[in-house]
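The values are calculated or read from the model by the stated rules, or taken from the named source; none is laboratory data. Nothing here was measured: the structure is a model prediction, and the numbers come from that model. All Cβ positions, even for glycine, are placed from backbone atoms using ideal geometry, and neighbour counts span all protein chains on display. Surface accessibility is based on the protein's heavy atoms, side chains included, excluding ligands, DNA and RNA. Shrake-Rupley method; radii C 1.70, N 1.55, O 1.52, S 1.80 Å.
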Amino acid sequence: MTDLRLFNSLTRQLETFQPIRPGKARVYTCGPTVYNYQHIGNMRAYVFADTLGRTLRFKGYELTHVINITDVGHLTSDADAGEDKMERMAAREGRSAWDIAKFYQEDFERDLARLNVEPKKHPRATEYVEAMIEWGKRIAVKHCYELDSGLYFDVTTVADYGRLARAHTDDGEGRIETVEGKRNAADFAIWRKTPPGETRQMEWDSPWGRGAPGWHLECSVMGEALLGFPFDIHTGGIDHREIHHPNEIAQNQAYCCTNGLDLAENSGARIWMHNNFLVERAGKMSKSSGEFLRLQLLVDKGYHPLAYRMLCLQAHYRSELEFSWEGLGASLTFLKRWVGQLERLSRHNTPNDLSARDRSKLERFEREVEEAISDDLNTPKLLALANGFMFDVELRPVAVFKGFDHVDQILGLGLLQHLTRNPMKLAASGALLALNRTDLRIPPMAATITEPKIKSILAQRKEARSARDFATSDRLRDELAAQGVEVMDGDPLGWDWKLGE
Ligand code: AMP
Ligand code: ZN
């Protein structure tokens, strides 16, 4: 088996994955702050984490994968300034912070399911506050100091602070608004006291007064509690490389420091991985400016959620990916070609066993898949390989199904879901595909016309065209266009109409 090589942000190098516990892989992924819907940029982070998780399972490791739910403590700035995101949204929406958290967690989990992200553990930060206080007590004496506003971590008390960000203690982004009395600009809150005279919806008693934990603490505590230190891989978006993860690492060093403060030994995880951003042409994707790009918006406009998963897979996770509707449309077309091809092959009445040529091609394909994914999760390469295999006319359909089933363990498109138990039976069975062309054709929310109606007009139009009655044909085409249906004559995919936006 090819060694799995992954890019470790801590060393800025490709490293061979070696599990700390034989046969097991433990992964922690920083999860969402559930004060609002997730935008599709956030979802890129989870598609990446899922691809990593699937790869580890593909490689035979028993996977434990955590994506935490931040339901307390994240301020509007990643440094310690601004308001608590949860409390602010609660005030704005006139609902309790607990209700807000529940609502947006459920929405998040629905989006994960729609993107075929495999189930993970989703611990909530508020369930670990006691553990966070215990952790704070353990590191307070040697590493923290108290101010009126809370308990702060002194970053000069650990070796190599900020190594992950390649930053010095006095710079790094997000340090502009600082807290009165901090010893170093990069020091961060372990505990934030509720200001005198105020009451927060989410607050707890602690040795440092009533208040709430700092945001960075939760990931250290939940990672240690659910996976044990050190675990194998910690992931997050590239922004976390700058503040959140250096701070987690500093806390972990302090917590594990019985053997000294050595960074490599005590950073909590052996490999730190970061996905690059999904960006809009106008710049950074945000929940507050412009069109709020949620997965639901894509669906409302008629794009199947898996077209978005496909879009993510088409870029390497360490490259920036620019979002555009055209790009998403191209990903949907790519997906449609695959579904169309699988549908076509499933109608072939060909032998149900593999020929000698099938076997050798399949073997080679599986080897190439293994190499591509082992090369720091090269999903664009994987897609190219899968595409070539799927359209290889020399292969019997059963071989294509077997090969696709194999690679889809990593791609996670689930096109042949029902078949995984017995792909060899595929060509003989009737209900084959988990996803068919009708599923991929989601009418936009605004559509006023139904699919049977479209089909009936198209049938009339076909008749008119074969009778060379182009006037009628054009009139019917305009009639459809007036209702948002674009007719695509000669569509090479045979998907002869689409609903416009
Ligand atoms: P947040 O809810 O802001 O904590 O973000 C959740 C996850 O999404 C984190 O891992 C972020 O690093 C990541 N993230 C935020 N914005 C983007 C983006 N535009 N593209 C990719 N990942 C992002
Ligand atoms: Zn985190």
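Details
- Residue among PRO196, PRO246, PRO213 that alone is under 16 Å from SER149 (Cβ atoms) and within 16 Å of ligand 1 (Cβ to nearest atom): PRO213
- Checking each residue of the stretch 423-440 against the condition of being modelled with pLDDT under 85, touching a Gly at 6+ places or on another chain (Cβ under 6 Å) and assigned to a loop (DSSP other than H, G, I, E, B) gives at least one match.
- Restricting the stretch 317-342 to residues that are surrounded by 18 or more Cβ atoms within 10 Å (Cβ to Cβ) and under 14 Å from LEU382 (Cβ atoms), the residue that is farthest from the chain's Cα centre (by Cα) is TRP338.
- The criterion of at least 1 residues that are open to solvent by 40 Å² or more (accessible area, probe 1.4 Å) is met by the following strands (runs of 3 or more DSSP E) wholly inside the stretch 187-277: 188-193, 269-275.
- Taking the criterion of being in contact with a Ser or Thr (Cβ under 8 Å, 6 or more places away or on another chain), within 16 Å of ligand 2 (Cβ to nearest atom) and over 20 Å from SER96 (Cα atoms), the residues of the stretch 190-228 that qualify are GLU218, LEU226, LEU227.
- Residue-level analysis places GLU109 outside the set of residues that are farther than 30 Å from GLY41 by Cα, open to solvent by 30 Å² or more (accessible area, probe 1.4 Å), out of contact with any helix residue (DSSP H, G or I) (no Cβ under 8 Å at 6 or more places or on another chain) and assigned to a helix (DSSP H, G or I).
- Among the residues of the stretch 229-240, the one identified as more than 13 Å from ligand 2 (Cβ to nearest atom) and over 15 Å from ASN252 (Cβ atoms) is ILE238.
- Checking CYS312 against (1) open to solvent by less than 50 Å² (accessible area, probe 1.4 Å); (2) at pLDDT 95 or above; (3) within 16 Å of ligand 2 (Cβ to nearest atom), the condition it does not meet: (3)
- Candidate set: the stretch 2-28, residues that are of a type in the set (Ser, Thr, Tyr) and more than 16 Å from ligand 2 (Cβ to nearest atom); chosen: the one farthest from GLY268 (Cα to Cα): THR2
- Residue-level check: of (1) touching a residue at least 60 places away in the same chain (Cβ under 8 Å); (2) more than 24 Å from the chain's Cα centre (by Cα), THR126 misses just (2).
- Of everything in the stretch 82-101 that is free of Cβ contacts under 8 Å to residues at least 60 places away in the same chain and surrounded by fewer than 18 Cβ atoms within 10 Å (Cβ to Cβ), the residue that is nearest to ASP50 (Cα to Cα) is ASP99.
- Test: residue in the stretch 50-61 that is within 15 Å of ligand 2 (Cβ to nearest atom) and either touching a residue at least 40 places away in the same chain (Cβ under 8 Å) or hydrophobic (A, V, I, L, M, F, W, C) (or both): no
- Counted residues, the stretch 278-325 - those being within 15 Å of ILE238 (Cβ to Cβ) and part of a helix (DSSP H, G or I): 1
- The stretch 350-399, residues that are at pLDDT below 95 and either in a helix (DSSP H, G or I) or of a type in the set (D, E, K, R) (or both): ASP353, ARG396, PRO397, VAL398, ALA399
- GLY31 under 16 Å from HIS274 (Cα atoms), within 16 Å of ligand 2 (Cβ to nearest atom), out of contact with any Gly (no Cβ under 8 Å at 6 or more places or on another chain) and not hydroxyl-bearing (Ser, Thr, Tyr): yes
- First in the stretch 269-282 and within 12 Å of ligand 1 (Cβ to nearest atom), second anywhere and among the charged types (D, E, K, R), Cβ under 7 Å, 6 or more apart: HIS274/ARG241; ASN275/ARG44; ASN276/ARG318; ASN276/GLU320; PHE277/GLU320; LEU278/ARG44; VAL279/GLU320; VAL279/GLU322
- Residue in the stretch 152-162 that is touching a Lys or Arg at 6+ places or on another chain (Cβ under 8 Å) and β-branched (Val, Ile, Thr) present: yes
- Selected residue (criterion: most open to solvent (accessible area, probe 1.4 Å)) from residues of the stretch 1-58 that are assigned to a strand (DSSP E or B) and hydrophobic (A, V, I, L, M, F, W, C): LEU14
- Residues of the stretch 17-34 satisfying the condition of being among the polar types (S, T, N, Q) and away from ligand 1 (no atom under 13 Å from the Cβ): GLN18
- Residues satisfying the stated conditions in the stretch 441-479, i.e. surrounded by 13 or more Cβ atoms within 10 Å (Cβ to Cβ) and modelled with pLDDT under 80: ARG441, ILE442, PRO443, PRO444, ALA447, ILE449, GLU451
- Meets criteria (β-branched (Val, Ile, Thr) and modelled with pLDDT under 95) for THR258: yes
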